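Here is the structure we will look at.
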């Protein structure tokens with residue numbers, strides 16, 4: 001069985017599968033997932049060489065962590081063969097980036113995950129808190145957690161790209177090991193590319209999530225609550241229709257586009273069924289063996305050009 005390419009994650013020493021398993025759907029956030037489907041999905045992901053699993057206590061109000069923990073435990077995966085990341089600071093009842101809460105949070109997460117440590121502990125969606133608190137209180141608390149061995153590396157996540165430079169410019173080198181960015185490395189928005197040299201200079205590893213732009217780059221379109229402008233939604237719908245006319249699927253093209261940049265260690269994709277795992281892995285393996293359909297990609301990029309890098313507000317800054 002062909003397995004996925006591995007890429008280095010900053011200075012962590014980890015080599016992540018280019019496709020990462022986003023476990024938020026295991027929290028039933030997009031519909032109910034049976035324990036059997038969850039287990040089958042994780043089992044198949046491991047068979048294909050996916051070694052990175054990402055979750056958060058926020059996903060499904062802790063259900064995602066619990067389900068992922070049950071799956072990894074039942075499959076008896078050797079701990080050193082997988083990289084597990086979870087998050088702190090964002091919970092179903094709101095945001096709390098205080099040192100006390102994040103310190104308690106890691107113990108709660110480890111219990112649900114049935115693990116002694118996580119490989120990466122991310123500060124979740126920091127634009128919804130005070131960035132100065134993140135710098136002066138939260139990250140020092142996470143460093144203490146790192147010293148205990150409960151988390152091997154520290155990350156920060158969020159939508160606005162400027163939050164990463166704000167924090168990294170104000171913390172000592174090595175304070176933050178990883179960033180997790182989403183919706184900024186897809187066909188419609190590749191703004192993350194401008195930040196890559198800066199992040200590399202800081203020794204910070206890069207994870208990118210949501211290559212389908214939270215449903216914009218799909219045949220069925222985004223959910224009702226999607227914060228994109230009408231103009232952006234319309235352009236993405238036109239691009240999806242164009243792919244369909246050509247007998248192609250925009251989601252596959254979008255995922256392959258996101259996988260092309262090898263400076264990004266892994267592309268996180270939410271998965272909740274063996275079928276989804278199979279489709280995503282097939283797209284990734286197809287890219288490495290056949291390359292992307294350049295003609296179709298150019299046509300899609302042309303349709304999306306008027307809305308290129310258009311984003312939406314997030315947070316309280």
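Looking only at segment 184-208, filter to residues that are in contact with a strand residue (DSSP E or B) (Cβ under 7 Å, 6 or more places away or on another chain) and part of a helix (DSSP H, G or I); which one of those is nearest to residue 267 (Cα to Cα)?
192
Collect the residues in segment 106-145 that are within 21 Å of the chain's Cα centre (by Cα), in a helix (DSSP H, G or I) and under 23 Å from residue 78 (Cβ atoms), keeping them in residue-number order.
106, 109, 110, 112, 113
Can you name the number of the only condition in (1) surrounded by fewer than 22 Cβ atoms within 10 Å (Cβ to Cβ); (2) farther than 21 Å from residue 266 by Cα; (3) in contact with a strand residue (DSSP E or B) (Cβ under 8 Å, 6 or more places away or on another chain) that residue 109 fails?
Failing condition for residue 109: (1).
Looking at 258, 181, 251, 175, which is the one that is assigned to a loop (DSSP other than H, G, I, E, B) and crowded, with 16+ Cβ neighbours inside 10 Å?
After ruling out the rest, the residue left standing is 175.
Of the residues that make up segment 215-228, is at least one touching a strand residue (DSSP E or B) at 6+ places or on another chain (Cβ under 7 Å) and within 17 Å of residue 184 (Cβ to Cβ)?
The answer is yes, given that some residue of segment 215-228 is touching a strand residue (DSSP E or B) at 6+ places or on another chain (Cβ under 7 Å) and within 17 Å of residue 184 (Cβ to Cβ).
Among residues belonging to segment 196-213 that are surrounded by fewer than 19 Cβ atoms within 10 Å (Cβ to Cβ) and without any contact (Cβ under 8 Å) to a residue 60 or more places away in the chain, point out the one that is farthest from residue 30 (Cα to Cα).
Taking the candidates together, the pick is 201.
With the condition kept exactly as written, say whether any residue in segment 184-192 is more than 23 Å from residue 211 (Cβ to Cβ), in contact with a helix residue (DSSP H, G or I) (Cβ under 8 Å, 6 or more places away or on another chain) and surrounded by fewer than 23 Cβ atoms within 10 Å (Cβ to Cβ).
Checking segment 184-192: not a single residue is more than 23 Å from residue 211 (Cβ to Cβ), in contact with a helix residue (DSSP H, G or I) (Cβ under 8 Å, 6 or more places away or on another chain) and surrounded by fewer than 23 Cβ atoms within 10 Å (Cβ to Cβ).
(1) modelled with pLDDT under 95; (2) out of contact with any helix residue (DSSP H, G or I) (no Cβ under 6 Å at 6 or more places or on another chain): which one isn't true of residue 27, the others all being true?
(2)
Against the definition (over 15 Å from the mean Cα position of the chain (by Cα), crowded, with 23+ Cβ neighbours inside 10 Å and either over 20 Å from residue 285 (Cβ atoms) or at pLDDT below 95 (or both)), how does residue 9 come out, yes or no?
When the stated conditions are applied, residue 9 does not pass them.
Out of the residues in segment 218-232 that are in contact (Cβ under 8 Å) with a residue 60 or more places away in the chain and outside any loop (DSSP other than H, G, I, E, B), which is nearest to residue 297 (Cα to Cα)?
Selected residue: 232.
Kindly indicate the residue of segment 44-64 that is touching a residue at least 40 places away in the same chain (Cβ under 8 Å) and over 15 Å from the mean Cα position of the chain (by Cα) and also farthest from residue 9 (Cα to Cα) among those meeting that condition.
Ranking the qualifying residues of segment 44-64, first place goes to 62.
Pick from segment 146-166 the residues that are in contact with a helix residue (DSSP H, G or I) (Cβ under 6 Å, 6 or more places away or on another chain) and in a helix (DSSP H, G or I): which of them is surrounded by the most Cβ atoms within 10 Å (Cβ to Cβ)?
Once the filter is applied, the top-ranked residue is 163.
Taking residue 235, is it over 19 Å from the mean Cα position of the chain (by Cα), in a helix (DSSP H, G or I), crowded, with 16+ Cβ neighbours inside 10 Å and in contact (Cβ under 8 Å) with a residue 60 or more places away in the chain?
For residue 235, the condition - over 19 Å from the mean Cα position of the chain (by Cα), in a helix (DSSP H, G or I), crowded, with 16+ Cβ neighbours inside 10 Å and in contact (Cβ under 8 Å) with a residue 60 or more places away in the chain - is met.
If you scan segment 278-293, which residues turn out to be in a helix (DSSP H, G or I) and out of contact with any strand residue (DSSP E or B) (no Cβ under 8 Å at 6 or more places or on another chain)?
If the condition is that a residue be in a helix (DSSP H, G or I) and out of contact with any strand residue (DSSP E or B) (no Cβ under 8 Å at 6 or more places or on another chain), then 278, 279, 282, 283, 285, 286, 287, 288, 289, 290 are the ones that fit.
The values are calculated or read from the model by the stated rules, or taken from the named source; none is laboratory data. Treat the numbers as computed from the prediction; the structure is a model and nothing was measured. For neighbour counting, all protein chains shown are included, and Cβ atoms are generated from backbone atoms with ideal geometry for every residue, glycine included.
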